[in-house]
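J.: This is the structure I have questions about; it appears just below.
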Amino acid sequence: MNFVSLVYKSLMLIVALMSINASSQTLYLIGGALKTCSSMSGKNCVEKTHFSPAAKTHLLYLVDKHRIAQINHLWPSENVSHKLATRKLLNKINKKRPLSKDQLVDLFKLHDKHLYRTWSNQEYNFVFDMLELPLIINQKRVIEQVITQNNRVAASSEIIDEIVAKIKTTNSRRLHLVTASSRDPYESADFYNGLFDAYDIDAAWLPLTPALSKAITKNDCDNLDKYRNEINQVYNREAVYPDLTSQERALCNGGVSNLIAQLKNSDAIFFNGGDQSLTKQIFVDAQSHQSYPWTDVIRTRHILIGTSAGTAVQSGGQNEHGLVPMITNGSSVNALKNGAFSESAPAQNCHNHGGCSKLDYDALTFEELGGLGTFDIGILDTHFSERGRTVRLAVLLAHSNQQFGFGVDETTVLKFDSQTQYMKVIGKQGVVVIEFKNSHFRYHFIPSGYSFALNDLATSSNEFVVETRGHDIIENGISDAVIREKLQAMCANKLAKVTLKEGSSPELSVVFKRDNKTRCERQADGRYLIKNMHLALANR
């Protein structure tokens, strides 16, 4: 009887361990600016990088009578004066030779700078999309070439190598690349295909776009182009990217069950940067707020990778502090002045052409129900130190009552293991963890190369404290994105306090202060690991 019991318990333990292993998931949360050498981004390449003569190096546009007529006939907005002015402008530019985007913009500004600056986003996108030429050589579309081994920034290669090594441990080594964050998801597809082309894994673009998500669930694949226009404000893509839109149409015609089967056969999925609100529309129907049938399959893949918007969209779910929101817009100055809004983000550049509605163009907005929900221990933010987003994340933490916010710097990744809850920082800079507890904020900076769990950030109040002195006041420090550098200097110079002020809004201030819980630990590369820096916000 004891032997049977022992065997039974052993089997149950094995089953439990298998279950834990099956649910284990690794997230690679990149802060954006994964600077990669490509024929479209030569500045990211080492010197003397040579691309194929057939590699795509830039977009080309043509202004001719046929395209002018199409633009006039299909004008997307109800602004008739803009429609007439645009036709007049294009007739002045009518050329017989292709133009680069810079050349086209220069001509627009030369002949009607006011119109160019007051086009709505929809009108601007429509004009450029309709004038864009398909790039074809020998009946094949010209594609962007990526050479990762020639990356100028070593941290970019380090991040890619780390991700590839993890994918190689899976059964299928299959990585699906999703470019749903881009307004034009087809333009981005070649880059991401090329990003992993030199590695021994099965990586391929999956045309899971907001348009496809809507069309496939409505059994309305014949109207894919209409959904592209409505959701992404992208036009004329079947002419410019005929092969990629054909892939999208084939996936749509295959139906929901086929899409689910393809996702189940993948061990890893990569989400690109751009607009996280667009990415969310491949998980959740924007009108009904219901998850699509394939969303849970995506949530349970072994490896999920995101950069910029593809990272921000991982926020979501629910923890002991409530719903985890997904941040969608906002500057730190506006957040400190006006707070956070559970509203759709204002249209990009709306302050240039009107139409910002009731919110400022840089208002802090968020989606209360979050994004995909694979990262539910706090709010994620990206391009963090480089765009001065510390304050906006702190404001959203206080508004949502979440305890932790994670700000990932550019060309840096926060690796998260869902089973151990351990995190590792990889790449060029670091990750900021903001802790909100009992109405107080604590700031932590975790440099690359450091692994940690959240309870590692706690510091006993009776430990030895380095003597500090002095107070630095930084003018326009909130908007100038200098917090990372100023706090590193604060540690190096043993300052007691740093205050950031904003000249345009003197009532705003941010104070960082060391106390008996604060630690500045110098790393081998000279940077400081910062724990428990006191952070206070003032808007009056």
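The values are calculated or read from the model by the stated rules, or taken from the named source; none is laboratory data. Bear in mind the structure is a predicted one, so any value in this text is a computation, not a measurement. All Cβ positions, even for glycine, are placed from backbone atoms using ideal geometry, and neighbour counts span all protein chains on display. Note: areas computed on protein heavy atoms with side chains; ligands, DNA, RNA excluded. Shrake-Rupley method; radii C 1.70, N 1.55, O 1.52, S 1.80 Å.
J.: Could you go through the stretch 418-426 in sequence order and give the Karplus-derived ³J(HN,Hα) for each residue, using 6.51 cos²θ - 1.76 cosθ + 1.60 with θ = phi - 60°, rounded to whole Hz, and x for Gly and Pro?
T.: Listing the rounded values in order: 5, 6, 8, 6, 8, 10, 9, 9, 10 Hz.
J.: Report ³J(HN,Hα) in whole Hz for each residue of the stretch 433-448, in order, from the Karplus equation J = 6.51 cos²θ - 1.76 cosθ + 1.60 where θ = phi - 60°; Gly and Pro get x.
T.: 10, 9, 10, 10, 8, 6, 6, 10, 9, 10, 10, 10, 10, 10, x, 4
J.: What whole-number distance in Å separates the alpha-carbon centres of the stretch 427-504 and the stretch 326-373?
T.: That distance is 26 Å.
J.: Could you work out the helix-only [θ] at 222 nm for the chain, with each DSSP H run of four or more residues adding -39,500 (n - 2.57) and the total divided by the number of residues, to the nearest 500 deg cm²/dmol? Working shown, then result.
T.: Details: 18 runs with 185 residues, N = 540.
Rounded to the nearest 500, it is -10000 deg cm²/dmol.
J.: For the stretch 20-75 and the stretch 79-151, write down the distance between their C-alpha centroids in whole Å.
T.: The stretch 20-75 and the stretch 79-151 have Cα centres spaced 16 Å from each other.
J.: Using a probe of 1.4 angstrom, how much of the accessible area of the chain is carbon and sulfur, in percent? It would help to have the intermediate numbers written out before the result.
T.: Values: 11780 of 24530 Å².
Looking at the chain in its full context, I get 48 percent from C and S.
J.: OK, next. Express in nm, to one decimal, how much length is gained between Lys65 and Cys356 on full extension, taking 0.36 nm for each residue of separation and deducting their alpha carbon distance.
T.: That pair, Lys65 and Cys356, stretches by 101.4 nm at full extension.
J.: With every protein chain left in place, what is the accessible area of Trp75 in Å² (1.4 Å probe, nearest 10)?
T.: Probe radius 1.4 Å; accessible area of Trp75 about 30 Å².
J.: With both partners inside the chain, how many of the DSSP beta bridges are antiparallel, as a percent to the nearest 5?
T.: Details: 58 of 86 bridges.
Taking every DSSP beta bridge within the chain, about 65 percent pair in antiparallel fashion.
J.: Would you work out if the stretch 205-353 is rounded, prolate or oblate? Take a ≥ b ≥ c from the square roots of the eigenvalues of the alpha-carbon gyration tensor; rounded if a/c is under 1.5, else prolate when a/b is larger than b/c, oblate otherwise. Present the calculation step by step, with values, prior to reporting the outcome.
T.: Numbers: a/c = 2.05, a/b = 1.34, b/c = 1.53.
Because a/c hits 1.5 or more and a/b fails to exceed b/c, the stretch 205-353 counts as oblate.
J.: Would you mind getting the Kirkwood hydrodynamic radius of the stretch 38-116 from its Cα pairs, rounded to one decimal in Å? List each step's numbers first, then the result.
T.: Numbers: mean 1/r = 0.0677 Å⁻¹.
Radius from the Kirkwood sum: 14.8 Å.
J.: Checking understanding here: applying a Kyte-Doolittle mean of at least -1.0 and a length along the axis of at least 30 Å (C-alpha), which whole DSSP H helices in the chain pass? Working shown, then result.
T.: Working: long enough: 2-23 (31 Å, 1.44).
Helices passing the filter in the chain: 2-23.
J.: Amide H neighbours of Asn329 under 5 Å, at least 5 residues apart or on other chains, H built in the peptide plane: list them.
T.: Excluding prolines and chain starts, which carry no amide H, the hits are Thr365.
J.: Using only Cα atoms, figure out Rg for the stretch 332-412 and give it as a multiple of 2.2 N^0.38 Å. Kindly include the intermediate steps, with their values, before the conclusion.
T.: Values: Rg = 13.1 Å, N = 81, 2.2 N^0.38 = 11.7 Å.
The value comes to 1.12.
J.: Quick check: net charge around Arg484, other residues with Cβ under 14 Å of its Cβ, Lys/Arg +1 and Asp/Glu -1?
T.: Details: positive: Arg387, Arg389, Lys428, Lys486, Arg527; negative: Asp381, Glu386, Asp409, Glu410, Asp480, Glu485.
Cβ neighbours under 14 Å give a net charge of -1.
J.: Exposed loop GluC sites (Glu not before Pro) only (DSSP loop, at most 11 other Cβ atoms within 10 Å): please give the longest stretch of the chain free of them, not including the sites. Could you put the intermediate results ahead of the total?
T.: Numbers: sites that count: Glu47, Glu78, Glu320, Glu463, Glu467, Glu507.
Between the exposed loop sites, the longest stretch runs 79-319.
J.: Translational D (Stokes-Einstein, µm²/s) of the stretch 399-456 at 25 °C and 0.890 mPa s when Rh comes from the Kirkwood sum over C-alpha pairs? Don't skip to the answer; put the middle values down first.
T.: Working: Rh = 11.9 Å.
Answer, rounded: 206 µm²/s.
J.: Summarise the long-distance tail of P(r) for the stretch 88-144 by giving the % of C-alpha pairs beyond 14 Å. Could you put the intermediate results ahead of the total?
T.: Values: 988 of 1596 pairs.
In whole percent, the share of Cα-Cα pairs in the stretch 88-144 beyond 14 Å is 62.
J.: One-quarter of the Cα convex hull surface for the chain, in nm²?
T.: Values: hull surface 123.2 nm².
Computing the convex hull of the Cα atoms and averaging its projections yields 30.8 nm².
J.: Now a separate question. Give me the Å³ per residue figure for the convex hull around the C-alpha atoms of the stretch 397-523.
T.: Details: hull volume 16.9 nm³, N = 127.
Residue-normalised Cα hull volume stands at 133 Å³.
J.: From the Cα trace of the stretch 99-242, what convex hull volume per residue do you get, rounded to a whole Å³? Intermediate results must be reported in sequence, preceding the final value.
T.: On the way: hull volume 23.3 nm³, N = 144.
Cα-based convex hull of the stretch 99-242, divided per residue, equals 162 Å³.
J.: Among the trypsin sites (Lys or Arg not before Pro) in the stretch 461-514, which ones are in a DSSP loop with at most 10 other Cβ atoms within 10 Å of the Cβ? Mind listing them? Please list the in-between numbers first.
T.: On the way: sites: Arg469, Arg484, Lys486, Lys494, Lys497, Lys501, Lys513, Arg514; in loops: Arg469, Lys494, Arg514.
Of the trypsin sites (Lys or Arg not before Pro), the ones in loops of the stretch 461-514 whose Cβ has at most 10 other Cβ atoms within 10 Å are Arg469.
J.: Something else about it: Skipping prolines and chain starts, which residues have an amide H placed within reach, meaning under 5 Å, of the one on Asn319, given they are 5 or more residues away or on another chain?
T.: Val324
J.: Next question, about the same structure. Within the stretch 110-136, list the residues whose amide N lies under 19 Å from a label point set 7 Å along Cα→Cβ of His58.
T.: Within reach of a label on His58, which here means backbone N under 19 Å from a point 7 Å along Cα→Cβ, the stretch 110-136 contributes 110-111, 128-136.
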